[in-house]
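Visitor: Below you'll find the structure I mean.
The values are calculated or read from the model by the stated rules, or taken from the named source; none is laboratory data. All values reported here derive from a predicted model rather than from experimental measurement. Cβ coordinates were reconstructed from backbone atoms using ideal geometry, including for glycine residues, and neighbour counts include every protein chain displayed. These accessible areas exclude ligands, DNA and RNA; they are computed on the full protein's heavy atoms, side chains included. Shrake-Rupley method; radii C 1.70, N 1.55, O 1.52, S 1.80 Å.
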2 protein chains.
Amino acid sequence: MDTTQQTDQQRSADRRRRELLEAADRVVLRDGPGASMNAIAAEAGITKPILYRHFGDKGGLYAALAKRHTDALLNSLRAALDAPAERRERVEATLDTYLAAIEARPQVYRFLMHPGDSVSPGDPGFDVRKHSLPLLRLMGEELAQVIEDRLDLGPGSQQLARVWGHGIVGMMHAAGDWWLGERPCSRAELVRSLADLLWGRLAAAGDRVGGPGF
Amino acid sequence: MDTTQQTDQQRSADRRRRELLEAADRVVLRDGPGASMNAIAAEAGITKPILYRHFGDKGGLYAALAKRHTDALLNSLRAALDAPAERRERVEATLDTYLAAIEARPQVYRFLMHPGDSVSPGDPGFDVRKHSLPLLRLMGEELAQVIEDRLDLGPGSQQLARVWGHGIVGMMHAAGDWWLGERPCSRAELVRSLADLLWGRLAAAGDRVGGPGF
DNA sequence: ACTAGCATGTTACCTACGGTAACTGGAGTC
DNA sequence: GACTCCAGTTACCGTAGGTAACATGCTAGT
């Protein structure tokens, strides 16, 4: 069979593909999410059409690029979520893992969160996100699954878990985004505050003197 | 004084500006967030440079456009937040107001949430968001203020309120985004689920049979 | 009445981007 | 040695954001 020959070629192509992705990674890390195909090709020491042969279009490259980081982040989060500890500790560990990741590489984070920038010009409508659901959705679904698997939520648990999954992920994301921009407190404090919010301190807090509370 | 003359001119310019904004509004509503300056100018019956004279650059136009809807939405939210009812009811009303808004005009919503698409080509770095903080930040700060004003959170209340403000807004946004795409349940159910989450049902839920809970 | 200024509008152009067609050079294969 | 395949190139297209330079019309001052 000629599978060995095809495999040889494919292995070479795959290696090249990985090199290109690493170059793209460097450029995105340097130039932010708006990095151009030309810049990426130049960084890789080649020219545009090769990128297009490997990845189809910009969305394809970005999807491939995003997948690496997304997978890595999701693995970290899963580990924190599955650690042998009680619920609150695990929630805090998961929050901390996410925040540590976005803190360590803000450029990558910005790229992951806004992959669908610059809707393609010639296209009707916008079929962006044809590849690679945004990271937020993935994390939301993941968390929903964990919640549904582990918690007893009574009737309608599946729907409730999904709402919560996406809601908690959104909370984490927005708070992290804001925190990353302003750095108003330490990471540990932020984690604690968010966990407190999830633990119902909003409902438990007393009204301020002078009128009915929020 | 020549203030009256200047005022005359300025009033005329302001009216024109409003007309242009309304045209832009129509186009964005029709074409989504990727609407081009040419399309907007054509809809307004004029050509590009006029838009640039009025709004500086695309970011300026988008900022002006966003401000209208942002202000309107924030006013609705403030009203819901200030209604004479108890806390849980008010939270639910606020969530419902937001969700109703994004449900009524998804295109506007998509535009508001991703204003900084397509980083300008010639610019170094990315000074996008030079105008118009994203809507999420505004809502977060607003909510933080309300929380801090109304709730007694003990020491560190200001920081806690800001974290919660941004976190809750992010929760609302992400859940709303997901819900708008999949429509897995009614708006009322979504509101109830989110309020339950904020009310600590996550911490209160029992473990599922078969192991330690989430 | 004639001109100066000024805002409004236009056409024509620039640069940069995403994306593609068509050509080039070198490896292996019959 | 001719044939094919593949990586890679140059050169180009269409469209976008943005700008310069020119035209037009209103109001004001003399």
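Visitor: Could you tell me whether any residue of the range A:53-71 is within 30 Å of A:ALA188 (Cβ to Cβ), more than 14 Å from chain B (Cβ to nearest Cβ) and polar (S, T, N, Q)? First the steps, then the outcome.
Guide: Step one: filter the range A:53-71 for residues within 30 Å of A:ALA188 (Cβ to Cβ), giving A:66, A:68-71.
From what's left, more than 14 Å from chain B (Cβ to nearest Cβ): A:66, A:68-71.
Then drop every residue that is not polar (S, T, N, Q), which leaves A:70.
Within the range A:53-71, one or more residues are within 30 Å of A:ALA188 (Cβ to Cβ), more than 14 Å from chain B (Cβ to nearest Cβ) and polar (S, T, N, Q).
Visitor: I would also like to ask the following. Spot the failing condition for A:LEU61; the list is (1) surrounded by fewer than 18 Cβ atoms within 10 Å (Cβ to Cβ); (2) within 16 Å of DNA strand C (Cβ to nearest atom), and only one is missed.
Guide: Failing condition for A:LEU61: (1).
Visitor: For A:ALA13, are the conditions met, namely being small (Gly, Ala, Ser) and within 30 Å of B:GLY206 (Cβ to Cβ)? If you could, list the steps in order and put the result at the bottom.
Guide: Numbers: small (Gly, Ala, Ser): yes; within 30 Å of B:GLY206 (Cβ to Cβ): no.
No; evaluated as a whole, the condition is false for this residue.
Visitor: Of the numbered conditions (1) within 16 Å of DNA strand C (Cβ to nearest atom); (2) open to solvent by 30 Å² or more (accessible area, probe 1.4 Å); (3) within 14 Å of chain A (Cβ to nearest Cβ), B:GLU43 satisfies every one except a single condition; which is it?
Guide: (3)
Visitor: Condition first: under 19 Å from the mean Cα position of the chain (by Cα), in a helix (DSSP H, G or I) and at pLDDT below 95. Can you find one or more residues in the range A:39-58 that meet it?
Guide: Within the range A:39-58, one or more residues are under 19 Å from the mean Cα position of the chain (by Cα), in a helix (DSSP H, G or I) and at pLDDT below 95.
Visitor: Please go through (1) away from every other protein chain (no Cβ under 14 Å); (2) within 12 Å of DNA strand D (Cβ to nearest atom); (3) out of contact with any Leu (no Cβ under 8 Å at 6 or more places or on another chain) for A:ASN38 and return the number of the only condition it doesn't satisfy.
Guide: (1)
Visitor: Quickly run through the range A:1-28 and pick out the residues that are at pLDDT 90 or above and away from DNA strand D (no atom under 12 Å from the Cβ).
Guide: Matches in the range A:1-28: A:ARG18, A:LEU21, A:GLU22, A:ALA24, A:ASP25, A:ARG26, A:VAL27, A:VAL28.
Visitor: Select from the range A:46-58 the residues that are within 7 Å of DNA strand C (Cβ to nearest atom) and buried (at least 16 other Cβ atoms within 10 Å of the Cβ) and list them in ascending order.
Guide: Within the range A:46-58, just A:LYS58 meets the criteria.
Visitor: On the given criteria, is A:ALA93 open to solvent by 30 Å² or more (accessible area, probe 1.4 Å) and more than 13 Å from DNA strand C (Cβ to nearest atom)? Write out each step before concluding.
Guide: Working: open to solvent by 30 Å² or more (accessible area, probe 1.4 Å): yes; more than 13 Å from DNA strand C (Cβ to nearest atom): yes.
The answer is yes for A:ALA93.
Visitor: Would a scan of the range B:17-33 turn up a residue that is open to solvent by 60 Å² or more (accessible area, probe 1.4 Å), touching a His at 6+ places or on another chain (Cβ under 7 Å) and not assigned by TED's automatic domain parsing to the domain that holds B:ASP177?
Guide: Scanning the range B:17-33 turns up at least one residue that is open to solvent by 60 Å² or more (accessible area, probe 1.4 Å), touching a His at 6+ places or on another chain (Cβ under 7 Å) and not assigned by TED's automatic domain parsing to the domain that holds B:ASP177.
Visitor: For A:SER120, which of the numbered conditions (1) among the small types (Gly, Ala, Ser); (2) at pLDDT below 50; (3) within 23 Å of A:LEU180 (Cα to Cα) fails to hold?
Guide: Exception for A:SER120: condition (3).
Visitor: Taking only the range A:59-90 into account, find how many residues are in contact with a helix residue (DSSP H, G or I) (Cβ under 8 Å, 6 or more places away or on another chain) and not in a helix (DSSP H, G or I).
Guide: 2
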